[in-house]
Amino acid sequence: MSEIHKFLFEGLPVRGVLVRLGGAWTEILRRRAANSATGSYPLPVQNMLGEMVAAAALMQSNIKFNGSLILQVLGDGPVKLAVVEVQADFGLRATATVTGDVPLEASLSQMINVNNQGKCAITLDPQTRFPGQQPYQGVVPLVGDAREKLEKLSDVLEHYMLQSEQLDTTLVLAADDKVATGLLIQRLPLEGVGNLAGSRVSLAHEDEIGSNEHYKRIALLASTLKREELLTLDADTILRRLFWEEKLLR
(Lines give C-alpha, C1' and ligand atoms only; values in the text may rest on other atoms or scores of the structure.)
Protein backbone atom coordinates (compact mmCIF):
# COMPACT_ATOMS: atom_id res chain seq x y z
CA MET A 1 0.00 0.00 0.00
CA SER A 2 1.28 3.47 -0.92
CA GLU A 3 0.25 6.68 0.85
CA ILE A 4 0.85 10.31 -0.09
CA HIS A 5 -0.21 13.03 2.34
CA LYS A 6 0.09 16.69 1.29
CA PHE A 7 -0.48 19.52 3.73
CA LEU A 8 -0.07 23.25 4.26
CA PHE A 9 0.49 25.22 7.44
CA GLU A 10 -2.37 27.70 7.73
CA GLY A 11 -1.17 31.28 7.41
CA LEU A 12 2.47 30.27 6.91
CA PRO A 13 4.61 30.10 3.73
CA VAL A 14 5.36 26.41 4.34
CA ARG A 15 4.12 23.19 2.74
CA GLY A 16 4.75 19.54 3.43
CA VAL A 17 4.41 16.05 2.00
CA LEU A 18 4.67 12.67 3.72
CA VAL A 19 4.93 9.44 1.72
CA ARG A 20 4.88 5.77 2.72
CA LEU A 21 5.55 3.19 0.01
CA GLY A 22 4.94 -0.41 0.96
CA GLY A 23 3.99 -2.92 -1.72
CA ALA A 24 5.70 -1.10 -4.59
CA TRP A 25 8.97 -0.99 -2.64
CA THR A 26 8.88 -4.59 -1.44
CA GLU A 27 8.15 -5.74 -5.01
CA ILE A 28 11.35 -4.01 -6.18
CA LEU A 29 13.30 -5.88 -3.49
CA ARG A 30 11.57 -9.18 -4.27
CA ARG A 31 12.50 -9.01 -7.94
CA ARG A 32 16.11 -8.20 -7.11
CA ALA A 33 16.33 -11.09 -4.64
CA ALA A 34 14.87 -13.45 -7.26
CA ASN A 35 17.64 -12.58 -9.72
CA SER A 36 20.06 -15.49 -9.41
CA ALA A 37 22.85 -13.47 -11.03
CA THR A 38 22.80 -10.71 -8.42
CA GLY A 39 20.87 -11.79 -5.34
CA SER A 40 19.59 -9.26 -2.80
CA TYR A 41 21.11 -5.82 -2.38
CA PRO A 42 23.62 -5.34 0.43
CA LEU A 43 21.81 -3.72 3.36
CA PRO A 44 23.37 -0.23 2.97
CA VAL A 45 22.50 -0.24 -0.75
CA GLN A 46 18.95 -1.38 0.00
CA ASN A 47 18.47 1.43 2.48
CA MET A 48 19.99 4.05 0.16
CA LEU A 49 17.83 2.92 -2.77
CA GLY A 50 14.74 2.94 -0.54
CA GLU A 51 15.50 6.50 0.56
CA MET A 52 15.88 7.45 -3.10
CA VAL A 53 12.48 5.90 -3.87
CA ALA A 54 10.87 7.90 -1.06
CA ALA A 55 12.64 11.12 -2.08
CA ALA A 56 11.68 10.76 -5.75
CA ALA A 57 8.04 10.14 -4.79
CA LEU A 58 8.10 13.22 -2.55
CA MET A 59 9.47 15.40 -5.33
CA GLN A 60 7.08 14.00 -7.95
CA SER A 61 4.12 14.69 -5.67
CA ASN A 62 5.33 18.23 -5.03
CA ILE A 63 5.31 19.45 -8.64
CA LYS A 64 2.75 19.85 -11.40
CA PHE A 65 4.30 17.78 -14.14
CA ASN A 66 2.96 15.19 -16.58
CA GLY A 67 5.93 12.92 -17.00
CA SER A 68 8.61 10.94 -15.21
CA LEU A 69 10.92 12.18 -12.49
CA ILE A 70 14.24 10.33 -12.53
CA LEU A 71 16.63 10.52 -9.58
CA GLN A 72 20.16 9.18 -10.07
CA VAL A 73 23.33 8.99 -8.01
CA LEU A 74 26.50 7.89 -9.74
CA GLY A 75 30.12 7.81 -8.77
CA ASP A 76 33.37 6.00 -8.14
CA GLY A 77 32.65 3.55 -5.32
CA PRO A 78 31.40 -0.05 -5.27
CA VAL A 79 27.96 1.31 -6.20
CA LYS A 80 28.46 2.77 -9.66
CA LEU A 81 24.89 3.87 -10.28
CA ALA A 82 21.51 3.94 -8.55
CA VAL A 83 18.41 5.06 -10.44
CA VAL A 84 14.80 5.63 -9.43
CA GLU A 85 12.02 6.61 -11.82
CA VAL A 86 8.62 7.77 -10.59
CA GLN A 87 5.98 8.23 -13.27
CA ALA A 88 3.10 10.69 -13.16
CA ASP A 89 0.77 7.92 -11.93
CA PHE A 90 3.39 6.99 -9.30
CA GLY A 91 4.48 3.84 -11.05
CA LEU A 92 7.97 3.00 -9.74
CA ARG A 93 11.18 1.58 -11.09
CA ALA A 94 14.43 1.38 -9.15
CA THR A 95 17.77 -0.35 -9.57
CA ALA A 96 21.37 -0.11 -8.42
CA THR A 97 24.57 -1.39 -10.03
CA VAL A 98 26.91 -2.89 -7.44
CA THR A 99 30.39 -3.89 -8.64
CA GLY A 100 32.33 -4.32 -5.40
CA ASP A 101 32.04 -5.24 -1.74
CA VAL A 102 29.88 -2.93 0.35
CA PRO A 103 30.67 -2.99 4.10
CA LEU A 104 27.69 -3.48 6.39
CA GLU A 105 28.09 0.00 7.88
CA ALA A 106 29.03 1.73 4.61
CA SER A 107 28.19 5.43 4.40
CA LEU A 108 26.95 7.22 1.29
CA SER A 109 30.45 8.39 0.37
CA GLN A 110 31.93 4.92 0.90
CA MET A 111 29.36 3.49 -1.48
CA ILE A 112 29.39 6.04 -4.27
CA ASN A 113 31.70 9.01 -3.60
CA VAL A 114 35.08 7.61 -2.58
CA ASN A 115 37.16 10.21 -4.44
CA ASN A 116 34.65 13.07 -4.55
CA GLN A 117 33.59 12.12 -8.07
CA GLY A 118 30.00 11.29 -7.12
CA LYS A 119 27.07 13.21 -8.56
CA CYS A 120 23.33 13.43 -8.11
CA ALA A 121 21.09 14.13 -11.10
CA ILE A 122 17.37 14.87 -11.24
CA THR A 123 15.68 14.64 -14.63
CA LEU A 124 12.15 15.60 -15.62
CA ASP A 125 11.12 13.74 -18.77
CA PRO A 126 7.76 14.99 -20.11
CA GLN A 127 5.29 12.38 -21.27
CA THR A 128 4.65 14.36 -24.45
CA ARG A 129 7.54 16.33 -25.93
CA PHE A 130 7.35 19.20 -28.37
CA PRO A 131 9.68 19.04 -31.39
CA GLY A 132 13.22 19.67 -30.21
CA GLN A 133 12.24 19.65 -26.54
CA GLN A 134 14.78 18.03 -24.24
CA PRO A 135 14.23 16.70 -20.71
CA TYR A 136 15.12 19.13 -17.93
CA GLN A 137 18.07 17.96 -15.85
CA GLY A 138 19.87 19.36 -12.83
CA VAL A 139 23.16 17.91 -11.55
CA VAL A 140 25.00 18.55 -8.28
CA PRO A 141 28.11 16.93 -6.74
CA LEU A 142 27.84 14.83 -3.60
CA VAL A 143 29.75 17.47 -1.66
CA GLY A 144 28.81 20.64 0.20
CA ASP A 145 29.90 24.22 -0.39
CA ALA A 146 33.21 23.59 1.39
CA ARG A 147 33.83 20.41 -0.66
CA GLU A 148 33.01 18.26 2.36
CA LYS A 149 31.50 14.87 1.60
CA LEU A 150 27.76 14.68 2.20
CA GLU A 151 26.93 11.46 4.03
CA LYS A 152 23.12 11.56 3.85
CA LEU A 153 20.95 11.51 0.75
CA SER A 154 18.67 14.05 2.42
CA ASP A 155 21.62 16.48 2.71
CA VAL A 156 22.42 16.03 -0.99
CA LEU A 157 18.85 16.77 -2.05
CA GLU A 158 18.44 19.70 0.32
CA HIS A 159 21.63 21.14 -1.18
CA TYR A 160 20.25 20.52 -4.68
CA MET A 161 16.99 22.34 -3.92
CA LEU A 162 18.82 25.29 -2.41
CA GLN A 163 21.37 25.59 -5.22
CA SER A 164 19.14 24.80 -8.19
CA GLU A 165 15.71 25.97 -7.08
CA GLN A 166 16.48 28.58 -4.39
CA LEU A 167 14.01 26.86 -2.07
CA ASP A 168 14.68 26.02 1.57
CA THR A 169 13.86 22.33 1.98
CA THR A 170 14.07 19.83 4.84
CA LEU A 171 13.94 16.10 4.14
CA VAL A 172 13.73 13.17 6.54
CA LEU A 173 14.11 9.80 4.77
CA ALA A 174 14.11 6.18 5.91
CA ALA A 175 13.79 2.70 4.43
CA ASP A 176 13.98 -0.94 5.44
CA ASP A 177 12.83 -4.17 3.79
CA LYS A 178 9.14 -3.32 4.31
CA VAL A 179 8.67 0.38 3.65
CA ALA A 180 10.32 3.38 1.98
CA THR A 181 9.13 6.59 3.58
CA GLY A 182 9.92 10.26 3.86
CA LEU A 183 8.83 13.70 5.01
CA LEU A 184 9.42 16.89 3.02
CA ILE A 185 9.03 20.39 4.45
CA GLN A 186 9.55 23.32 2.08
CA ARG A 187 9.32 27.08 2.19
CA LEU A 188 6.83 28.24 -0.39
CA PRO A 189 8.17 30.57 -3.09
CA LEU A 190 7.02 34.11 -2.45
CA GLU A 191 6.23 34.82 -6.08
CA GLY A 192 5.02 32.47 -8.80
CA VAL A 193 5.24 28.70 -8.66
CA GLY A 194 8.62 27.22 -7.74
CA ASN A 195 9.24 23.71 -9.03
CA LEU A 196 11.89 21.43 -10.43
CA ALA A 197 10.99 22.32 -14.01
CA GLY A 198 13.02 25.48 -13.81
CA SER A 199 10.98 28.41 -12.47
CA ARG A 200 12.93 30.60 -10.08
CA VAL A 201 12.20 32.73 -7.07
CA SER A 202 12.69 36.38 -7.99
CA LEU A 203 15.96 38.06 -7.04
CA ALA A 204 14.00 40.51 -4.91
CA HIS A 205 13.17 37.70 -2.49
CA GLU A 206 16.41 35.72 -2.46
CA ASP A 207 17.22 37.25 0.92
CA GLU A 208 14.39 35.11 2.33
CA ILE A 209 16.49 31.98 1.72
CA GLY A 210 17.51 30.55 5.07
CA SER A 211 15.97 33.42 7.03
CA ASN A 212 12.21 32.82 7.13
CA GLU A 213 11.46 32.27 10.81
CA HIS A 214 8.25 30.31 10.23
CA TYR A 215 10.02 27.85 7.93
CA LYS A 216 12.99 27.51 10.29
CA ARG A 217 10.70 26.67 13.21
CA ILE A 218 8.73 24.05 11.24
CA ALA A 219 11.94 22.57 9.80
CA LEU A 220 13.41 22.25 13.29
CA LEU A 221 10.35 20.32 14.43
CA ALA A 222 10.55 18.05 11.38
CA SER A 223 14.22 17.32 12.02
CA THR A 224 13.36 15.78 15.41
CA LEU A 225 11.60 12.89 13.64
CA LYS A 226 13.56 9.71 14.27
CA ARG A 227 14.14 6.97 11.71
CA GLU A 228 12.26 4.36 13.73
CA GLU A 229 9.26 6.67 14.13
CA LEU A 230 9.15 7.34 10.40
CA LEU A 231 9.31 3.61 9.63
CA THR A 232 6.71 2.42 12.13
CA LEU A 233 4.18 5.18 12.85
CA ASP A 234 1.20 6.04 10.66
CA ALA A 235 0.99 9.43 8.96
CA ASP A 236 -1.64 10.91 11.27
CA THR A 237 0.40 10.04 14.36
CA ILE A 238 3.59 11.49 12.90
CA LEU A 239 1.97 14.78 11.90
CA ARG A 240 0.14 15.10 15.21
CA ARG A 241 3.29 14.48 17.27
CA LEU A 242 5.43 16.87 15.25
CA PHE A 243 3.03 19.71 14.60
CA TRP A 244 0.43 19.52 17.37
CA GLU A 245 0.59 23.29 17.89
CA GLU A 246 0.09 24.09 14.19
CA LYS A 247 -3.08 24.11 12.12
CA LEU A 248 -2.57 21.85 9.11
CA LEU A 249 -4.65 22.12 5.95
CA ARG A 250 -4.88 18.69 4.29
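Let's see how each residue does on (1) more than 17 Å from VAL17 (Cα to Cα); (2) in contact with a helix residue (DSSP H, G or I) (Cβ under 8 Å, 6 or more places away or on another chain); (3) in contact (Cβ under 8 Å) with a residue 60 or more places away in the chain:
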{"residue": "GLU51", "(1), (2), (3)": "no, yes, yes"}
{"residue": "ALA55", "(1), (2), (3)": "no, yes, yes"}
{"residue": "ASP101", "(1), (2), (3)": "yes, no, no"}
{"residue": "LEU104", "(1), (2), (3)": "yes, yes, yes"}
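Only a single criterion out of (1) at pLDDT below 90; (2) charged (D, E, K, R); (3) within 18 Å of the chain's Cα centre (by Cα) is not satisfied by GLU151, namely (1). The single residue among GLN87, GLN133 that is among the polar types (S, T, N, Q) and either within 20 Å of GLU165 (Cα to Cα) or surrounded by 15 or more Cβ atoms within 10 Å (Cβ to Cβ) (or both) turns out to be GLN87. Would you check if there is a residue in segment 48-57 being surrounded by fewer than 20 Cβ atoms within 10 Å (Cβ to Cβ) and not small (Gly, Ala, Ser)? No. Out of (1) at pLDDT 55 or above; (2) more than 21 Å from the chain's Cα centre (by Cα), the odd one out for ILE218 is which? For ILE218, the failing item is (2). Any residue that is over 24 Å from ILE112 (Cα atoms) and not in a strand (DSSP E or B) - is there at least one of those in segment 150-165? For segment 150-165, residues over 24 Å from ILE112 (Cα atoms) and not in a strand (DSSP E or B): present. The number of residues in segment 1-23 being within 19 Å of ALA175 (Cβ to Cβ), in contact with an Asp or Glu (Cβ under 7 Å, 6 or more places away or on another chain) and not basic (Lys, Arg) comes to 1.
Per the conditions (1) of a type in the set (A, V, I, L, M, F, W, C); (2) part of a helix (DSSP H, G or I); (3) buried (at least 22 other Cβ atoms within 10 Å of the Cβ), the sole criterion not satisfied by LEU171 is (2).
Rundown of residues vs (1) part of a loop (DSSP other than H, G, I, E, B); (2) under 18 Å from the mean Cα position of the chain (by Cα), yes/no style:
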| site | (1), (2) |
| --- | --- |
| LEU12 | yes, no |
| ARG15 | no, yes |
| VAL19 | no, yes |
| ILE28 | no, yes |
| ARG32 | no, no |
| SER36 | yes, no |
| ALA54 | no, yes |
| LEU58 | no, yes |
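May I ask you to say which residue of ALA24, ALA82 is aliphatic (A, V, I, L, M), farther than 30 Å from GLN133 by Cα and under 20 Å from the mean Cα position of the chain (by Cα)? One residue alone meets the criteria, ALA24.
Just one of the listed residues (GLN110, GLN134) is out of contact with any Ser or Thr (no Cβ under 7 Å at 6 or more places or on another chain) and either without any contact (Cβ under 8 Å) to a residue 24 or more places away in the chain or part of a loop (DSSP other than H, G, I, E, B) (or both), and it is GLN134. Scoring PRO44 on the criteria (1) part of a helix (DSSP H, G or I); (2) in contact with a Gly (Cβ under 6 Å, 6 or more places away or on another chain) leaves a single failure, condition (2). Criterion applied to GLY75, GLY23, GLY91 was being in contact with a Gly (Cβ under 8 Å, 6 or more places away or on another chain) and either at pLDDT below 95 or closer than 21 Å to THR237 by Cα (or both), and the one residue passing it is GLY75. Taken together, the residues in segment 84-95 that are under 12 Å from ILE28 (Cα atoms) and either of a type in the set (Val, Ile, Thr) or not in a strand (DSSP E or B) (or both) amount to 3.
The values are calculated or read from the model by the stated rules, or taken from the named source; none is laboratory data. All values reported here derive from a predicted model rather than from experimental measurement. Because the Cβ atoms are built from the backbone with ideal geometry, glycine has one as well, and the counts that use them run over all protein chains shown.
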